[in-house]
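Written below as structure tokens is the structure these notes are about.
The values are calculated or read from the model by the stated rules, or taken from the named source; none is laboratory data. Computed from a prediction, not measured in an experiment: that's the story for all the values here. Heads up, the Cβs are rebuilt from the backbone with ideal geometry, glycines too, and the neighbour counts pull from every protein chain shown.
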Amino acid sequence: MAKRIEVSDLNIYYGDFLAVEGVNVSIEPRSITALIGPSGCGKSTFLRSLNRMHEVIPGARVEGKVVMDGQDLYGADTDPVDVRRHIGMVFQRPNPFPTMSIYDNVIAGNRLNGKKMKKAESDDVVERALRGANLWNEVKDRLDRPGSGLSGGQQQRLCIARAIAVGPDVLLMDEPCSALDPISTLAIEDLMTELKDRFTIVIVTHNMQQAARVSESTGFFNLNGVGQPGRLIEFNPTEKIFSNPDQKATEDYISGRFG
Amino acid sequence: MTATKTPTERPPAQRVVRRAGDRLFAGSAKGSGIFILVVLAGVAAFLIGEAIPALTAPAEDVPGGEGLSGYIAPLVLGTLLGAVLALLVATPLAVGIALFVTYYAPRRIAAGLGYAIDLLAAIPSVVYGFWGLAVLAPALVPFHVWAADHLGWLPLFAGPASTSGRTMLTVGLVLAVMILPIISAIAREVFSQAPALHREAALALGATRWEMIKMAVLPYGKSGVIAGAMLGLGRALGETMAVAIVLSGGAGATLNLISSSNPSTIASNIALRFPEATGLGINTLIASGLVLFVITLAVNMLARWIVNRRADFSGAN
Ligand SMILES: Nc1ncnc2c1ncn2[C@@H]1O[C@H](COP(=O)(O)OP(=O)(O)OP(=O)(O)O)[C@@H](O)[C@H]1O
Ligand SMILES: [Mg+2]
């Protein structure tokens with residue numbers, strides 16, 4: 001089920017380096033939220049802090065609160081493994097497991113934690129996930145072939161299938177289309193629009209048109225200078241951001257006057 | 001400028017431009033390749049040439065009086081038994097150490113531990129031999145007794161238990177310690193190179209650390225571990241000094257790991273007998289050396305075959 005994420009006073013560090021400072025935002029369920037901003041301002045860092053992937057990097061840590069439907073994701077009794085099962089992630093570069101077949105890639109998340117599934121049941125999950133990711137027709141005859149044998153766009157959709165196969169509440173996507181051609185990009189954008197009925201989607205993108213096309217809300221990150229922490233400058237409905245933003249910096253960025 | 005180029009004017013597209021450096025490198029690479037093959041062929045020719053008299057001699061003239069195969073068979077068995085035992089003990093241990101060092105240990109401890117394991121490789125095999133004889137063998141005597149009592153129904157532990165501990169079991173364990181650094185160094189290397197991309201993919205799906213290792217690290221490192229294990233096996237098969245010191249060999253073929261009558265190994269048998277051997281005795285020893293050569297070659301080819309078998313899924317593409 002799609003869930004709301006509320007972030008309050010979030011500071012994100014790499015060791016002693018404060019990369020993102022003071023983020024307060026509420027991400028709505030069943031909608032697409034886009035994060036934009038110049039390179040290095042901390043969009044990926046912020047996104048990864050939402051499913052506790054940030055702390056995977058040695059020395060990386062977080063201060064503040066991230067609450068998903070009442071559950072404190074950074075609470076003392078919250079298991080990061082559990083958080084990641086409920087908040088799926090799609091990375092910038094497609095990363096299917098090269099040693100696994102297409103089928104095994106899709107079902108990989110469901111097989112975790114020693115869970116056993118009947119063949120018919122897992123067949124069903126794989127088909128639904130691949131159909132959900134608009135990939136089923138292209139791969140249904142070669143499910144036992146390696147996932148790395150697909151094209152870049154197909155691999156990215158395979159990764160989306162893998163992420164939605166476990167039935168997460170939230171889907172985080174970090175520039176999922178940056179390595180793809182315009183047609184695959186459109187395919188993935190259509191897919192996101194379909195998926196938002198079931199998931200809360202947060203997407204990082206450098207493509208303004210993409211943000212404008214798919215998202216309901218947009219957050220603009222910026223930083224004041226090199227070595228300064230990134231901040232969430234403005235968070236508003238996408239229409240407002242692209243027509244009449246509150247902040248001068250947002251308008252400058254969107255109209256291409258910097259960044 | 002014009003589109004009316006005649007065929008004769010066409011630039012010779014076939015001729016590849018090559019720089020002097022490239023040519024030099026290609027030449028020296030090809031040269032070293034050929035050199036290695038020549039050396040290998042030379043060794044093989046020498047072994048075969050010297051082994052022929054033993055191959056053709058009547059059975060009663062060969063040392064031991066039971067023919068060439070009767071002489072070599074127990075040695076082959078002893079060689080394989082010790083080396084395989086070492087491999088079975090060392091590989092899981094090495095993989096465990098490599099995983100601990102790369103993914104579990106705090107960074108400071110990991111570096112120190114890795115260094116200590118590497119040091120094991122720097123110890124000369126004579127030292128291992130004396131360590132096995134003076135320390136490990138006596139220490140293992142109680143285990144020999146226990147194994148004979150409780151596992152005696154297995155041919156491997158049929159007993160009677162050796163009272164000195166100078167047995168195939170001890171040799172196998174000494175060899176295991178000797179090949180541990182080889183396997184763990186290679187395993188460590190390949191594990192640490194498992195792409196962050198795939199490790200993060202596993203973690204983002206909600207994998208625990210061990211599940212992440214199973215999904216993204218072990219499959220990636222598998223062929224490297226196999227290659228390392230085969231290198232270790234090669235070393236264990238050919239190990240001479242440590243085995244010669246620890247083992248009181250010379251008995252016939254037996255699978256019994258814990259009694260004091262053991263077959264020797266090919267390499268240690270050659271080392272012990274060669275100084276006093278004459279005539280056909282030398283040819284016999286060289287024939288046994290030829291067998292060791294073939295076994296080692298087969299092990300390496302097997303390793304290569306295993307590594308290539310699932311190249312499709314190796315992640316190299
Ligand atoms: N692993 C890391 N270790 C240390 N600092 C890092 C690490 N990853 C990112 N940073 C720093 O954190 C800051 C934010 O980086 P981040 O990757 O979040 O930017 P981004 O907005 O995603 O940029 P881009 O649009 O180029 O992807 C940058 O100053 C970057 O140098
Ligand atoms: Mg980024």
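Computed quantities for the displayed model
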{"quantity": "Matching residues, the range A:114-139, being within 14 Å of chain B (Cβ to nearest Cβ) and either assigned to a helix (DSSP H, G or I) or in contact with a helix residue (DSSP H, G or I) (Cβ under 8 Å, 6 or more places away or on another chain) (or both)", "calculated": "A:Gly114, A:Val125, A:Ala129"}
{"quantity": "Unmet criterion (only one of (1) of a type in the set (Phe, Trp, Tyr); (2) within 9 Å of chain B (Cβ to nearest Cβ); (3) assigned to a helix (DSSP H, G or I)) for A:Tyr103", "calculated": "(2)"}
{"quantity": "Residue in the range A:25-36 that is hydroxyl-bearing (Ser, Thr, Tyr), part of a helix (DSSP H, G or I), under 19 Å from A:Thr218 (Cβ atoms) and within 16 Å of ligand 1 (Cβ to nearest atom) present", "calculated": "no"}
{"quantity": "Hey, A:Arg52 within 19 Å of A:Val204 (Cβ to Cβ), of a type outside the set (A, V, I, L, M, F, W, C), within 14 Å of chain B (Cβ to nearest Cβ) and away from ligand 2 (no atom under 16 Å from the Cβ) or not", "calculated": "yes"}
{"quantity": "Out of A:Arg111, A:Arg142, sole residue that is closer than 25 Å to B:Lys214 by Cβ, of a type in the set (D, E, K, R) and within 11 Å of another protein chain (Cβ to nearest Cβ)", "calculated": "A:Arg111"}
{"quantity": "Condition met for A:Ser31 (of a type in the set (Gly, Ala, Ser), more than 16 Å from ligand 2 (Cβ to nearest atom) and more than 14 Å from chain B (Cβ to nearest Cβ))", "calculated": "yes"}
{"quantity": "Condition met for B:Ala110 (farther than 21 Å from B:Leu247 by Cα and touching a Phe, Trp or Tyr at 6+ places or on another chain (Cβ under 9 Å))", "calculated": "yes"}
{"quantity": "Which listed residue, of B:Gly206, B:Gly228, is of a type outside the set (A, V, I, L, M) and under 30 Å from A:Gly109 (Cβ atoms)", "calculated": "B:Gly206"}
{"quantity": "Scan of the range A:169-188 for residues that are away from ligand 2 (no atom under 16 Å from the Cβ) and within 14 Å of chain B (Cβ to nearest Cβ), ordered by number", "calculated": "A:Asp169, A:Val170, A:Leu171"}
{"quantity": "Count of the range B:230-250 residues which are on the phi < 0 side of the Ramachandran plot, of a type outside the set (A, V, I, L, M, F, W, C) and more than 8 Å from the chain's Cα centre (by Cα)", "calculated": "5"}
{"quantity": "The range A:208-258, residues that are buried (at least 17 other Cβ atoms within 10 Å of the Cβ), in a loop (DSSP other than H, G, I, E, B) and either within 12 Å of ligand 1 (Cβ to nearest atom) or within 14 Å of chain B (Cβ to nearest Cβ) (or both)", "calculated": "A:Pro229"}
{"quantity": "Matching option when the condition is more than 16 Å from ligand 2 (Cβ to nearest atom) and of a type in the set (Gly, Ala, Ser), among A:Ala161, A:Ala211", "calculated": "A:Ala161"}
{"quantity": "Set A:Ala187, A:Ala163: member being modelled with pLDDT under 90 and not β-branched (Val, Ile, Thr)", "calculated": "A:Ala187"}
{"quantity": "The range B:255-272: number of residues that are without any contact (Cβ under 8 Å) to a residue 60 or more places away in the chain and either more than 17 Å from B:Leu77 (Cα to Cα) or assigned to a loop (DSSP other than H, G, I, E, B) (or both)", "calculated": "3"}
{"quantity": "Yes/no for A:Lys65 being away from ligand 2 (no atom under 16 Å from the Cβ), part of a strand (DSSP E or B) and farther than 23 Å from B:Pro106 by Cα", "calculated": "yes"}
{"quantity": "Conditions (1) in a loop (DSSP other than H, G, I, E, B); (2) of a type outside the set (D, E, K, R); (3) more than 10 Å from chain A (Cβ to nearest Cβ): number failed by B:Gly228", "calculated": "(1)"}
